[in-house]
1. Give the peptides 262-275, 499-512, 529-542 in descending order of average Cβ contacts within 10 Å, highest first.
2. I'd like to compare 445-451, 379-385, 171-177: which one has the highest average count of other Cβ atoms within 10 Å, and what's the full order after that?
3. TYR459: accessible area at probe 1.4 Å, nearest 10 Å²?
4. Whole-Hz Karplus ³J(HN,Hα) for segment 239-255, in order, using 6.51 cos²θ - 1.76 cosθ + 1.60 and θ = phi - 60°, x for Gly and Pro?
5. List the residues, sorted by chain then number, that are 5 or more residues from ARG367 or on another chain and whose placed amide H is less than 5 Å from its amide H.
6. In whole Hz, with x marking every Gly and Pro, tabulate ³J(HN,Hα) for segment 454-460 from phi via Karplus 6.51 cos²θ - 1.76 cosθ + 1.60, θ = phi - 60°.
7. Under a crude label model (7 Å from the Cα following the beta-carbon direction), how far is ARG541 from ALA419 in nanometres?
8. What's the whole-number percent of alpha carbon pairs in segment 545-601 lying beyond 14 angstrom?
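The values are calculated or read from the model by the stated rules, or taken from the named source; none is laboratory data. All figures in this text were calculated on a predicted structure; none of them were measured in a lab. Cβ coordinates were reconstructed from backbone atoms using ideal geometry, including for glycine residues, and neighbour counts include every protein chain displayed. Protein only, heavy atoms only, side chains kept; ligands, DNA and RNA dropped before computing areas. Shrake-Rupley method; radii C 1.70, N 1.55, O 1.52, S 1.80 Å.
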Amino acid sequence: MTRCARFLLRVLVLLSALASPTLFAQVPEAQIQQLFPKATRIEPKQADPPVQSVYQLDELLGYAFESTDYSNLQGFSGKPIRLLIGLDTRGVLTGVTVLEHHEPVFLHGLGEQTLYDFVDQYRQVSVGKPIVVGSRTAAGSAGDSVTLLDGVSKATVSVVILNETVLLSALSVARKLLEGFASGPLATPRADLHESLDWAQLLARGLLQHWTITRSELESALGGTLDDYPEIDPEYDSQPFSELYFAYLNTPMIGRNLLGDEGFARLNEELKANEQALLVLSSGMYRHVPDDFVPATVPARLVLMQNDHAIELHDMNFNNGAVKDQLNIPVGMSMEGFEANIFRIKTHNAFNPAEPAGLRLNVRLQRNHLVESSTQLTRGFQLDPYLFEIADPLVVVEPAPIWLRMWHERWWQISLLGASLILLTGVFIWQHRISRNSRGFHLFRAGFLMFTLVFIGLYAQGQLSVVNIFTLLLALWNDFDIRVFLMDPVIFILWSFTFISLLIWGRGVFCGWLCPFGALQEMLGWAAKGLRIPQWKISDRSHHRLQCVKYLILIGLVPTAFFSLTLAERLAEVEPFKTSMTLFFLRSWPFVLYALILLGLGLFVHKFYCRYVCPLGAGLAILGKFRLFSWLERIDACGQPCQHCKHQCEIGAIKRDGRIDYDECIQCLECIVILNNEGQCVASINARKKAARAARSAEGELIVTDATQPRTSEAL
């Protein structure tokens, strides 16, 4: 590898790293602080669910989380929009921060401030009702049942995807962590099921669990002797390390027998709807709560497990000191030395008491002030499903895919575009019949190009771009997801039609009929003719050399996209499409000046940009080499000697020998119009003149023959 090549490789790698700063980035606490201004403590990111809890002293304010942990929805660029989202304990968004995005319309068009202004609308918006972007018709019928956000003109797809990302992420967190967002337990205790059972009967039937952890069991778990831990008093060596009793209290079969009727009734009064309760008693060297445990908090030593998911237990402060005295303990059994608590299982944990579960004791022992050992011990249990009314799981109706909603909202644009493409297909199929009426065909083409410019380009934002090729290649290189391309129905339909037409007729169907910027250039060519602006004559040699420029641009852009999509999108500004079609020249002056220069050159050289600069046209020309047909008819006289079509082809796609260069032809069908009109085709004109001369010659010979005939006697 030469020194120059090594230098270029290093530059590309550096640019790629600069363009993707989030490769090594972590969310700084300062950004979370902006979402929660009152925060005094931000916990590290937990694993399940992946959130960071935010506190003001000991009060939980809410949760901060990244959207990419919950949603892989790709943006219009083919890359996910990475967001930092804040959600308080009521299910209200405290704000949304954009961490990373690759949306071209904001990066190189409208500006990122437009995106930031959009996400500011999420502040203090509840996720408890639908959030709709820019659809006043849909929101108007629902009144206050939806939250309406103002959309961003020219960036509809990007902001709809962003909104869907916010909702998917926030609702995922809310359903796991917030009350009121999760459904109640699928197993509901049977209120009518009760029989009197004593302590021993409850134990025998597994309704009350007894768990004893011996010293040897713990030493085996720790991998060492307890003698190394000063906090373990040697006088307790004869006692178990921990002895626990625990029971699920919501079912009358257990709760009424343990707490009595009055205690069970009071427990149900203190529990909120769909909340559940767990009784835990323990004694021994290591109880389930330490001596300094603060009532009404979460115990660090104890957690409930189900489906490998840890469920927090919240102390109800249910007269903790007297709980064990209220229990129906058998005569002769002492609860002295036992600590008792009743813990609340909150609704959002979705604990199902009819499924297998486990109680986990987290053991932490201090060897010295520097070294600590820890282990976890779990006792599994399962209650008899007979105690519960088992409901079928609620079927959560998934909303229609976002791409399907986009197609539904733009149905009339899709219908109109589809009808126009069917019409254009008919023109190409019956081109000879239609082109016989020269004036009618030219009027039709002018009208269709106006439709392409105004409707497809300016209104429906259907200007295809080389950036779309980047997105497709990167999608094929990584994990292809067709939903990315279905987000914009107009672009998807145009690309599908263009790809099919490439295989049938070549690149010209799009470039000559469906490209809005190409239509604008053609109209400028009409204006140049009307104003009698002299056209620059470009020699065939220079013309062929200049044609290579667009291929060189394409070759430079495509590899760059694999190093850095952001850099490739910036370089793709060689296309003036975003300035002219997407933003309608409402942009900073360098971009506007560049677009105007290209259009100005088109006044002197027909479709200058299309012929010499357009990388999209170059890419389509390469794919067009695999076309199945060469539909533009040629006759023997074309090029030998007739050069009329070559001189009339303003794009310069007809060679001297009459052959058509399909890589450059925009299939305006002007050569077919000439061929099918006897007043324009030189071969037809010459054939007609020859026929006329032959007729006149035949008529003269007939006259001469008549004159030389001998007269008959009758004539005399």
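1. Details: 262-275: 14.9, 499-512: 21.8, 529-542: 9.9.
In decreasing order of mean packing, 262-275, 499-512, 529-542 become 499-512, 262-275, 529-542.
2. Sorting 445-451, 379-385, 171-177 by mean packing, highest first, produces 171-177, 445-451, 379-385.
3. Spelled out: TYR459, probe radius 1.4 Å, area about 130 Å².
4. Taking θ as phi minus 60°, the curve returns 8, x, 4, 8, 10, 10, 10, 8, 7, 7, 9, 5, 7, x, 4, 9, x Hz for segment 239-255.
5. The answer is GLU372, SER373.
6. For segment 454-460, the Karplus curve yields 6, 7, 5, x, 7, 8, 7 Hz.
7. In this crude label model, ARG541 to ALA419 measures out at 5.3 nm.
8. Values: 967 of 1596 pairs.
Roughly 61 percent, rounded to a whole number.
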